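In what follows, a single structure is set out as structure tokens and then discussed.
The values are calculated or read from the model by the stated rules, or taken from the named source; none is laboratory data. It should be emphasised that the depicted structure is a prediction, and the values quoted were computed from it without experimental measurement. Using ideal geometry, Cβ is built from the backbone for each residue, glycine included, and neighbour counts are taken over all protein chains shown.
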Amino acid sequence: MSHGTLTITKLVLVSIFLLSMASACAKKQQPVEPRITPSLPLPTETPSLPPRRPTPTTVPEPIMPPLELLKEKQIESATLEALNRDSPLEPIFFAYDSSEISSEAQVILKQNVELLTTYRPWTITIEGHCDERGTAEYNLALGERRALAAQSYLVSLGIEAARIMAVSYGKEFPFESGQDERSWTENRRAHFIVTAK
């Protein structure tokens, strides 16, 4: 083989090699599939604990008893004088020259019955009072009718008659000393006094 032929052969071989290399580079590379690891089962939900309460840094204020309880304790511990001065039993009022229990008076008497039911040992006196008009004798009789009407109503609501005494003062001990309609209205009443507890 001549030197020229050898050179051409070399060139052909180099060209074939370069072409094969170029075609190998030109081929699209296949993407590499990612490795899939088997998935683990999700953890089952466990019941969550309630959130922890913060520890209080201040001392809570003491709970005050309701007003009714305080009032009840004051009533129970009060002397008769103090009890009657504060007068837990409400008086009832009457129209001029009348001993009829009005609808307003009935409401008040029902409230008094609730109190007398709560405090069963109490005994009371109902005082019948009148305004200053009329004779002393007439007003004593009218005051008695008023006290007895109030007593009768309380008994009709379940209070024992033995716990109630009725008395008349007529016009002798007025609550108001004026000589006008406002004063007279205040003096026409049945007034309640706790006599024993």
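Observations on the model:
- Within the set 162, 147, the sole residue that is at pLDDT 95 or above, surrounded by 17 or more Cβ atoms within 10 Å (Cβ to Cβ) and of a type outside the set (S, T, N, Q) turns out to be 147.
- Which numbered condition residue 175 fails, given (1) in contact with a Pro (Cβ under 9 Å, 6 or more places away or on another chain); (2) in a strand (DSSP E or B); (3) of a type in the set (A, V, I, L, M, F, W, C): (2)
- Counted residues, the stretch 174-192 - those being free of Cβ contacts under 8 Å to residues at least 40 places away in the same chain and either of a type outside the set (Asp, Glu) or buried (at least 23 other Cβ atoms within 10 Å of the Cβ) (or both): 3
- Within the stretch 120-144, being polar (S, T, N, Q) and more than 17 Å from residue 96 (Cβ to Cβ) holds for 123, 125.
- Residue check for residue 137: under 15 Å from residue 196 (Cα atoms) and in a helix (DSSP H, G or I): no
- Of the residues making up the stretch 84-133, those that are crowded, with 16+ Cβ neighbours inside 10 Å, in a loop (DSSP other than H, G, I, E, B) and more than 31 Å from the chain's Cα centre (by Cα) are 94, 99, 101, 130, 131, 132.
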